[in-house]
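Structure record follows, encoded as structure tokens.
Derivation of every value follows stated rules applied to the coordinates shown; laboratory data play no part. Bear in mind the structure is a predicted one, so any value in this text is a computation, not a measurement. Every residue, glycine among them, receives a Cβ derived from its backbone with ideal geometry; neighbour counts consider all protein chains shown.
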């Protein structure tokens, strides 16, 4: 083979080295000439030969055409470079940059052909490694390099990669960035699609708590509104809302509502961006979104991207499931307008005092504008600042004009000022007498399982038993007869319809706001002799008659009971039951109770409506004293209890609620329609006969009405601490009670109770201290002149006179005269006298025998202008003091035909 020849396009390996390192001149053995190489394949620059890759290089200038010599294996290769001969530069691939010349080349040591010395090989290897690190495949951007073994080439326009600023090395390629965004978007879209598919559509049973809360209305006996409690909400239907009002709300809140898909993409993106950026979440929710958020459960008011996405999903699904009309209807019934009004129905009433059907376009625009921030508008308007109101109103009417120019185009010019509203005032339903009525209703509903919270949210219609006129008549009667009395004296009244048990009127205080204690329902006082009719009912129901004679002399000694005496002296040793009732004889009723048994008495009284627990407590502590009134009762209980006599022995429980209906107008509760039979009809008729005698000729004559029959019973307890008159006509049973409570300071000063407590005065304020032993009032005697026959009877008569006006006069049933005579004492034999009887048609001894008022030389003479001589009522419990009835005008003479 000729020297200097080699295979074109390939570099020959040395037998002593795994690769041919780059040097200044390609060598073959130790004497070969550098051969010109044709342009190499691009990939050849990166092929490794042994541990190193052959580096690309640019061809240098060439002297001219040169025919390569053929290569013959085994032939000596050209020797070292001969002086005067120029070596051609190696050719470079078109895409490669010029190569640098080696910085340093170790001297070559001649050796065998085809082999390089070990030192030369290692030196070249290190040089090539440095070249690879610094120059690399992107050398085309750097400086030019010299040819293989030739002089260094001219400088190129760029720098090597290693010379770039470090920060630029971390900037990813734009293609990689876009690919990442695409993957992220695809994943996010998939997640949203899955979340949307799994989002359930809310149902009507999944509404938020309180979203459909509706305040309840309490009506009186005549179905007039007594009070409104709780949330102001008047549900309306879509058709009830005028089109102009609908358009006003749509123009103000979501002008594309009738055509959109339930969401606004521009508003949605703005809201999501503001939330994600940490700013306050913006609005831009559609009407459908607002309805979903405010109506259905699971969508809170939390400001988060998660909640917003959930709201969007629900809105889209609801828009497909519900009609636009239904969505708008639920929205208008849910949204808050201010002044405590929830829903357009309540807002129409609160701001304009009218029903929603009567709203004008201007009024609708005003209400629609308030949805944005109702509380802020309330505060501004109460302060007289109308600027924001007018600005918002004008915005809405202009939007309406844009929404429908034909219908509302002239509205901005026609009505530039907002419409006039009614004056905002909160009505206090707990003021005055109404507060006591409302409280009584709420207490009864609570006992029936309807709490006050339920009432305030349940949208109930509650029909009460109270008659407004009778309530005022009760107050007037009490105030008339207690004017000028000490403030510590309390009077209470209750009136019950015996035919159904309805409490039609009561008096428990003047003003609920000042004193919440309702004496008619809450004050439990000893019944005194007003309890005796229950003993009478037990006596008659046991089969004993009014003709039975009972003892009038005391003391009566009974097991477990202190001696029982009468409050006044009785001349006769025995009287019949009618006379014993008319004159309220303690000894007689104690023996009657012993005869029938206390269990029978308690059973009758409890069935008539008295509290069984208190009855048994009185029996356990006082035993037979219960027959003369040691048990505690309320005015309502007494009025209801006496109704068994007016209603033929049947009893309806006393109540204040007739009916309750829910928001769907379904009946939740009805008053009891079936009475309880307490005593027989004949026993009731005979009891009425005895109780009529109390008013006609006994201790209750001050209660007589001039135009109709009355029956009743007085009661005054020991030391006159409590006084009662309980009476009835066939249409109404009424109880009046009086008592006196005082508070005393440690210094002994008398202080009037407040709210059934004693005030502890500190500075200018009054507070209550439960630890203060003087913080609870105690009872004291009413004072001279107070018995059941005086003030209570007078109050009863005043009230019943008003209550019976215009009412039909009804008569009591005739005396049945049933049962057997059971004489608990021998019948006395009266002695006639020569005194002329003022009643020719009536024998004097008959009067004495029936009333027990005469002795051997005296008969009864009743003068309407003189003291009638009727003794005061008797004590019922501890102590048996005596007293006398104060002088007062007497009734007309009692005649036989009126008995």
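Numerical summary
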| quantity | calculated |
| --- | --- |
| Cβ-Cβ FRET estimate between residue 417 and residue 211, R0 fixed at 22 Å, reported to 0.05 | 0.05 |
| For 798, 579, order by how many other beta-carbon atoms lie within 10 Å, fewest first | 798, 579 |
| Contour excess over end-to-end distance, with Cα ends at residue 776 and residue 719 and 0.36 nm allotted per residue | 18.5 nm |
| Packing-based ranking, highest mean first, of 517-527, 633-643, 360-370 given that Cβ atoms within 10 Å are counted | 633-643, 360-370, 517-527 |
| Modelled FRET efficiency - R0 45 Å, residue 666 with residue 482, Cβ distances, 0.05 increments | 0.50 |
| Spatial separation of Cα centroids for the stretch 637-670 and the stretch 590-612, in angstrom | 23 Å |
| At R0 = 22 Å, FRET efficiency that the Cβ-Cβ distance of residue 569 and residue 821 yields, to 0.05 | 0.30 |
| Shape of the stretch 361-449, Cα gyration tensor, a/c cut at 1.5 | prolate |
| Proxy reagent accessibility, fewest Cβ within 10 Å first, across 631, 264 | 264, 631 |
| Euclidean distance of C-alpha centroids, the stretch 373-411 and the stretch 505-546, integer Å | 60 Å |
| Spin-label zone in the stretch 615-657 - amide nitrogen under 17 Å from a point set 7 Å from the Cα of residue 443 along the C-beta vector | 632-641, 653-657 |
| Sorted by Cβ neighbour density within 10 Å, fewest at the top, the residues 661, 448 | 448, 661 |
| Contour excess over end-to-end distance, with Cα ends at residue 243 and residue 225 and 0.36 nm allotted per residue | 3.4 nm |
